[in-house]
Amino acid sequence: MSGRETKNLRRGFTTGTAAAAAVKAALVYLFTTQVPGSVNINLLNGQMLDVLVDSVSPHHGLVRAVVVKDAGDDPDITHRARIGAVVGLTDDPGTVQITRGKGVGMVTKPGLEVPPGEPAINPGPRKMIRDAALQVLNAYHSNAGVSVEIFVENGEVLAEKTLNRRLGIEGGLSILGTTGLVNPLSHEAYTATIRSAMSVARACGCDYVVLTTGRRSERFSQAFFTDLYDVHPEAFIQIGDFFGMSMACLAENKIPNAVLAVFFGKALKMARGFAHTHAAKSDLTMDWLADLVGDETGNHALAREVLNANTARHAFGMVWPGYPRVLERVGTAMIRSAEKFCPAPCRFRAVIYDFQGGVAFDSFSHKALKARKVE
């Protein structure tokens, strides 16, 4: 893919943005009886986005609105999905009650961002939905509350083509989104971006890069490392699932120091030596982790629990903070894997975050952390 084609890839929006837009459109109709052609949504990254509305209509004393999800040039199973909301007013001032309708999954296992028994609507989308509803209430000076039922047309069928059931999400799709936008992440576009970022970091004099796998781990890394060191902004690079390729890229750019700053799930896949850390590798990593836990702790009952854990997040709660040596061994294996994929001298540091952004493991000791200054 050429640089020009990469630049022209079109961004889309998440299922969470679609749901929030449907809620806002329904409420606008409820107060005005006018069908909005589009609504403006506050995204989680601070931006705003104008979202087209597909349909709005009365529905058994409530209002039903539908938005067609547009994933841009990163089409996935939810691209063109019809995501909607059935909305009404309540007598509970300022509250927004969110429930699941047909086609939205229910969480049935631990280890996800939402606990079992709750609709599979993640915290980010819930915030967007509440913000959108309260905006309309404020605009029309209403003291009412809002009831919201989110649905996805044909969501049960679409969910069969995802990993949802395996993760413990039954009956439909998840409503997701960490920023509200979907950035195009084709392999060609992403690897080209990584190569460019490494080149820019080196050109800016960075002898040290902090490699993360996504927006959340990068955000936590920016807070952690800039509090300790004067790190160039260009030093923070998202590598997504492209672990092996990124290590080779370090060598190509002769970058002598690198931090791998990740959550536990990605740490396990890196430790296992997978060049590409996609979720499809999960079964293999849990087998490996269970063996490691049994070997390290001698607690074979715990090892069996880890083997049967629903997600890496679930397993993390079993081993941290009670068994720090388990994380130490995972981190050490991460570094060995990185060295294997990097055909040039590079000093690696492994950082594993807990799911609130705290540092659960750092391969630099506390003493070394205080003494060392990143160049």
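The values are calculated or read from the model by the stated rules, or taken from the named source; none is laboratory data. Just so it is clear, the structure is predicted and the values come from calculations on it, not from any experiment. Virtual Cβ from ideal backbone geometry, glycine too; neighbours counted across all protein chains shown.
Going by what's in this entry, would Leu268 be described as in the same structural domain as Phe361 (by TED's automatic domain parsing), farther than 27 Å from Leu112 by Cβ and at pLDDT 95 or above? Break it down stepwise before answering.
Details: in the same structural domain as Phe361 (by TED's automatic domain parsing): yes; farther than 27 Å from Leu112 by Cβ: no; at pLDDT 95 or above: yes.
So Leu268 does not fit the description; no.
State all residues of the stretch 98-148 that are closer than 16 Å to Tyr29 by Cα, assigned to a loop (DSSP other than H, G, I, E, B) and without any contact (Cβ under 8 Å) to a residue 12 or more places away in the chain; if no residue qualifies, say none.
Hit for the stretch 98-148 is His141, nothing else.
Could you tell me which of the residues Leu43, Leu52 is in contact with a Leu (Cβ under 8 Å, 6 or more places away or on another chain) and hydrophobic (A, V, I, L, M, F, W, C)?
Working: Leu52 fails: in contact with a Leu (Cβ under 8 Å, 6 or more places away or on another chain).
It is Leu43.
Name the residues in the stretch 316-326 that are assigned to a helix (DSSP H, G or I), over 15 Å from Lys269 (Cβ atoms) and touching a residue at least 40 places away in the same chain (Cβ under 8 Å), would you?
The first filter runs over the stretch 316-326 and keeps only residues assigned to a helix (DSSP H, G or I), leaving 316-319, 324-326.
This time we only want the ones that are over 15 Å from Lys269 (Cβ atoms), so: 317-319, 324-326.
Of everything in the stretch 316-326, just one residue is assigned to a helix (DSSP H, G or I), over 15 Å from Lys269 (Cβ atoms) and touching a residue at least 40 places away in the same chain (Cβ under 8 Å), namely Gly317.
Please pick out the residue among Leu134, Leu176 that is hydrophobic (A, V, I, L, M, F, W, C), assigned by TED's automatic domain parsing to the domain that holds Ala120 and farther than 30 Å from Ser246 by Cα. Show your work before the answer.
Numbers: Leu176 fails: farther than 30 Å from Ser246 by Cα.
Among Leu134, Leu176, only Leu134 is hydrophobic (A, V, I, L, M, F, W, C), assigned by TED's automatic domain parsing to the domain that holds Ala120 and farther than 30 Å from Ser246 by Cα.
Taking the stretch 37-61 on its own, how many of its residues are more than 17 Å from Thr179 (Cα to Cα), free of Cβ contacts under 8 Å to residues at least 24 places away in the same chain, of a type outside the set (Gly, Ala, Ser) and touching a strand residue (DSSP E or B) at 6+ places or on another chain (Cβ under 7 Å)?
Within the stretch 37-61, residues that are more than 17 Å from Thr179 (Cα to Cα), free of Cβ contacts under 8 Å to residues at least 24 places away in the same chain, of a type outside the set (Gly, Ala, Ser) and touching a strand residue (DSSP E or B) at 6+ places or on another chain (Cβ under 7 Å) number 1.
Return yes or no: is Ala338 assigned to a helix (DSSP H, G or I) and either at pLDDT 95 or above or surrounded by 14 or more Cβ atoms within 10 Å (Cβ to Cβ) (or both)?
On the way: assigned to a helix (DSSP H, G or I): yes; either at pLDDT 95 or above or surrounded by 14 or more Cβ atoms within 10 Å (Cβ to Cβ) (or both): yes.
When the stated conditions are applied, Ala338 passes them.
Do we find a residue being out of contact with any strand residue (DSSP E or B) (no Cβ under 8 Å at 6 or more places or on another chain), among the hydroxyl-bearing types (Ser, Thr, Tyr), modelled with pLDDT under 95 and more than 15 Å from Val148 (Cα to Cα) anywhere in the stretch 6-25? Before the answer, list the steps.
Step one: list which residues in the stretch 6-25 are out of contact with any strand residue (DSSP E or B) (no Cβ under 8 Å at 6 or more places or on another chain), which gives 6-10.
Right, trim to among the hydroxyl-bearing types (Ser, Thr, Tyr) and you get 6.
Narrowing further to those that are modelled with pLDDT under 95: 6.
Then keep just the ones that are more than 15 Å from Val148 (Cα to Cα); that gives 6.
There is at least one residue in the stretch 6-25 that is out of contact with any strand residue (DSSP E or B) (no Cβ under 8 Å at 6 or more places or on another chain), among the hydroxyl-bearing types (Ser, Thr, Tyr), modelled with pLDDT under 95 and more than 15 Å from Val148 (Cα to Cα).
Kindly indicate the residue of the stretch 245-301 that is charged (D, E, K, R) and outside any helix (DSSP H, G or I) and also nearest to Arg166 (Cα to Cα) among those meeting that condition.
Kept after step one, since they are charged (D, E, K, R), are these residues of the stretch 245-301: 252, 254, 266, 269, 272, 281, 283, 287, 291, 295-296.
Now narrow it down to the ones that are outside any helix (DSSP H, G or I): 254, 272.
Values: Lys254: 41, Arg272: 21 Å.
Restricting to residues being charged (D, E, K, R) and outside any helix (DSSP H, G or I), the top hit is Arg272.
Can you name the residue in the stretch 169-184 that is modelled with pLDDT under 85 and touching a Ser or Thr at 6+ places or on another chain (Cβ under 9 Å) and is also nearest to Ala248 (Cα to Cα) among such residues? Let's see the steps before the verdict.
Our first condition is that a residue be modelled with pLDDT under 85; within the stretch 169-184, this holds for 177-184.
Applying the additional criterion that residues be touching a Ser or Thr at 6+ places or on another chain (Cβ under 9 Å) yields 177-182, 184.
Working: Gly177: 30, Thr178: 29, Thr179: 30, Gly180: 32, Leu181: 30, Val182: 27, Pro184: 23 Å.
Filtering the stretch 169-184 for residues that are modelled with pLDDT under 85 and touching a Ser or Thr at 6+ places or on another chain (Cβ under 9 Å), the one nearest to Ala248 (Cα to Cα) comes out as Pro184.
In this structure, does Val67 turn out to be assigned to a strand (DSSP E or B), within 14 Å of Val148 (Cα to Cα) and either at pLDDT below 95 or hydrophobic (A, V, I, L, M, F, W, C) (or both)?
On the way: assigned to a strand (DSSP E or B): yes; within 14 Å of Val148 (Cα to Cα): no; either at pLDDT below 95 or hydrophobic (A, V, I, L, M, F, W, C) (or both): yes.
The answer is no for Val67.
Scan the stretch 178-193 and give yes if some residue there is hydrophobic (A, V, I, L, M, F, W, C), within 30 Å of Cys346 (Cα to Cα) and either buried (at least 19 other Cβ atoms within 10 Å of the Cβ) or touching a helix residue (DSSP H, G or I) at 6+ places or on another chain (Cβ under 7 Å) (or both), otherwise no.
Scanning the stretch 178-193 turns up at least one residue that is hydrophobic (A, V, I, L, M, F, W, C), within 30 Å of Cys346 (Cα to Cα) and either buried (at least 19 other Cβ atoms within 10 Å of the Cβ) or touching a helix residue (DSSP H, G or I) at 6+ places or on another chain (Cβ under 7 Å) (or both).
Kindly indicate whether any position in the stretch 201-213 is surrounded by 20 or more Cβ atoms within 10 Å (Cβ to Cβ), modelled with pLDDT of 90 or more, assigned to a helix (DSSP H, G or I) and in contact with a strand residue (DSSP E or B) (Cβ under 8 Å, 6 or more places away or on another chain).
The answer is no, given that none of the residues of the stretch 201-213 is surrounded by 20 or more Cβ atoms within 10 Å (Cβ to Cβ), modelled with pLDDT of 90 or more, assigned to a helix (DSSP H, G or I) and in contact with a strand residue (DSSP E or B) (Cβ under 8 Å, 6 or more places away or on another chain).
With in contact (Cβ under 8 Å) with a residue 24 or more places away in the chain and of a type outside the set (A, V, I, L, M, F, W, C) as the only criterion, which of Arg64, Arg80 stands out?
Details: Arg80 fails: in contact (Cβ under 8 Å) with a residue 24 or more places away in the chain.
That would be Arg64, the only listed residue that is in contact (Cβ under 8 Å) with a residue 24 or more places away in the chain and of a type outside the set (A, V, I, L, M, F, W, C).
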